[in-house]
Amino acid sequence: MINWNAIDTVLLDMDGTLLDLRFDNWFWQQHVPEQYALTHGLPADQAEHKLHAWIARHQGTLNWYCLDFWTSELGLNIAELKRAAADRIAIRPGAEAFLNALAASSQRVIMVTNAHRDALRVKLERTGIERYFDALVSSHDYGHAKEHQPFWRDLREAHPFDPARTLLVDDSLPVLHSGRRFGLGHLVSIRRPDSGLPERDDTHPFEAIDDFLRVLP
C-alpha cells in the first residue's frame, strides 16, 4: 500500500490516527456536557443538546479545536478536564511500533495535528510519543486548521518538503482532501479511529489501514 522508496517526509495526525479517538469522543460527547450541566444547573439532556449544536456550528474551524475558545464559551477549564481524565488516553494498536520503525528509517517524521497546544501537551505527557518526531506542529501555530490550504502553505514554509514525496496519514477525510488539493502524493486514512465503534466504510477514495504493523517501513 505504501511505497516507502517514494517518500521522504511523513506527516502524521494524532487523534484518531496515532491515538484512539475513543477518548475525544467520550470527552466531548459525554463528559463535557455532563460537566456543563453540573456547572450551570441544567438538565443533562438540555445541556447535551445545547453543546452538540454549539460544537457542530464550529466544526472544521480552528475554534472547533481551540481549548481557549471552549473554556471561554462554556465557562469550563477544558484543559484541566482533559488532564484529569488523561488515564483514558490510549495509543492505537501498532502505532508505537510504527513510530519506532519510522524513527529508524531515513524519512523525516512530523506530527501535524489540529489539537490545541494544551491538549497536545496532555496527550504527550500521557503517551511520550514526542520522542519519535522531528517536529510537532499544531494548526494553532499557523492560525489555520488542516482543512484549509493556508495550513499546508505555512507548514511547507516552516518545514520545507516536496509534496509529491510526502505521506499524510490522517483519520479525517476533509483533511485528506485538503492535503490532496495541496498536492500531497501519498494519502492514507484510518479504518477504525475510535476503538469503541465499527470500522468505517467511507474512506474512499483514499487507501485505509486498520493495523500499522502491516505498513512498517
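The values are calculated or read from the model by the stated rules, or taken from the named source; none is laboratory data. Just so it is clear, the structure is predicted and the values come from calculations on it, not from any experiment. Every residue, glycine among them, receives a Cβ derived from its backbone with ideal geometry; neighbour counts consider all protein chains shown. Side chains are part of the model used for accessible areas, which takes the heavy atoms of the whole protein and leaves out ligands, DNA and RNA. Shrake-Rupley method; radii C 1.70, N 1.55, O 1.52, S 1.80 Å.
Output the residue which, of all residues in segment 88-115 that are part of a helix (DSSP H, G or I), hydrophobic (A, V, I, L, M, F, W, C) and in contact (Cβ under 8 Å) with a residue 40 or more places away in the chain, is most open to solvent (accessible area, probe 1.4 Å).
Only one residue tops the list, namely A97.
For segment 197-211, enumerate the residues that are part of a loop (DSSP other than H, G, I, E, B) and either open to solvent by 70 Å² or more (accessible area, probe 1.4 Å) or touching a His at 6+ places or on another chain (Cβ under 8 Å) (or both). I'd like the intermediate steps shown before the answer.
Keep residues of segment 197-211 that are part of a loop (DSSP other than H, G, I, E, B), which gives 197-206, 210-211.
Listed by number, the residues that qualify are L197, P198, E199, D201, D202, H204.
Inspect segment 149-172 for any residue being within 16 Å of W64 (Cα to Cα) and open to solvent by 40 Å² or more (accessible area, probe 1.4 Å) and give the result as yes or no.
no
Among the numbered criteria (1) of a type outside the set (A, V, I, L, M, F, W, C); (2) touching a strand residue (DSSP E or B) at 6+ places or on another chain (Cβ under 9 Å); (3) part of a loop (DSSP other than H, G, I, E, B), which one does G60 miss?
In the conditions (1) of a type outside the set (A, V, I, L, M, F, W, C); (2) touching a strand residue (DSSP E or B) at 6+ places or on another chain (Cβ under 9 Å); (3) part of a loop (DSSP other than H, G, I, E, B), G60 misses (2) alone.
Quick check, is E48 surrounded by fewer than 18 Cβ atoms within 10 Å (Cβ to Cβ) and assigned to a helix (DSSP H, G or I)?
Taking the combined requirement at face value, the residue does not satisfy it.
In segment 144-165, which residues are assigned to a loop (DSSP other than H, G, I, E, B) and more than 16 Å from the chain's Cα centre (by Cα)?
If the condition is that a residue be assigned to a loop (DSSP other than H, G, I, E, B) and more than 16 Å from the chain's Cα centre (by Cα), then H159, P160, F161, D162 are the ones that fit.
Keeping to segment 17-59, report how many residues are within 25 Å of V169 (Cα to Cα) and of a type in the set (G, A, S).
Within segment 17-59, residues that are within 25 Å of V169 (Cα to Cα) and of a type in the set (G, A, S) number 1.
For residues in segment 51-76 being open to solvent by 70 Å² or more (accessible area, probe 1.4 Å) and at pLDDT 85 or above, which is nearest to A115 (Cα to Cα)?
For segment 51-76, the residue satisfying everything is D68.
Please determine, by comparing only the residues of segment 1-37 that are part of a loop (DSSP other than H, G, I, E, B) and farther than 19 Å from G183 by Cβ, which one is modelled with the lowest pLDDT. Walk me through how you get there before you give the answer.
As a first pass, look at segment 1-37 and keep what is part of a loop (DSSP other than H, G, I, E, B): 1-3, 7-8, 13-14, 16-18, 20-21.
Checking the rest, the ones that are also farther than 19 Å from G183 by Cβ come to 1, 14, 16-18, 20-21.
Working: M1: 78, M14: 98, G16: 97, T17: 98, L18: 98, D20: 98, L21: 97.
Looking at residues that are part of a loop (DSSP other than H, G, I, E, B) and farther than 19 Å from G183 by Cβ, I get M1.
In this structure, is R214 in contact with a strand residue (DSSP E or B) (Cβ under 9 Å, 6 or more places away or on another chain), in a helix (DSSP H, G or I) and surrounded by fewer than 17 Cβ atoms within 10 Å (Cβ to Cβ)?
On the way: in contact with a strand residue (DSSP E or B) (Cβ under 9 Å, 6 or more places away or on another chain): no; in a helix (DSSP H, G or I): yes; surrounded by fewer than 17 Cβ atoms within 10 Å (Cβ to Cβ): yes.
In short, no.
Among all residue pairs at least 6 apart or on different chains, which show Cβ distances below 7 Å where the first residue, located in segment 48-68, is on the phi > 0 side of the Ramachandran plot and the second is assigned to a helix (DSSP H, G or I)?
G60/P174
Okay, residues lined up against (1) surrounded by fewer than 20 Cβ atoms within 10 Å (Cβ to Cβ); (2) within 25 Å of F69 (Cα to Cα); (3) touching a residue at least 40 places away in the same chain (Cβ under 8 Å); (4) in contact with a Ser or Thr (Cβ under 8 Å, 6 or more places away or on another chain):
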{"residue": "A119", "(1), (2), (3), (4)": "no, yes, yes, no"}
{"residue": "K123", "(1), (2), (3), (4)": "no, yes, yes, no"}
{"residue": "H177", "(1), (2), (3), (4)": "yes, no, no, no"}
{"residue": "G185", "(1), (2), (3), (4)": "yes, no, yes, yes"}
{"residue": "S195", "(1), (2), (3), (4)": "yes, no, yes, no"}
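Within segment 131-148, restricting attention to residues that are surrounded by fewer than 19 Cβ atoms within 10 Å (Cβ to Cβ) and among the charged types (D, E, K, R), which residue is nearest to D118 (Cα to Cα)?
D141
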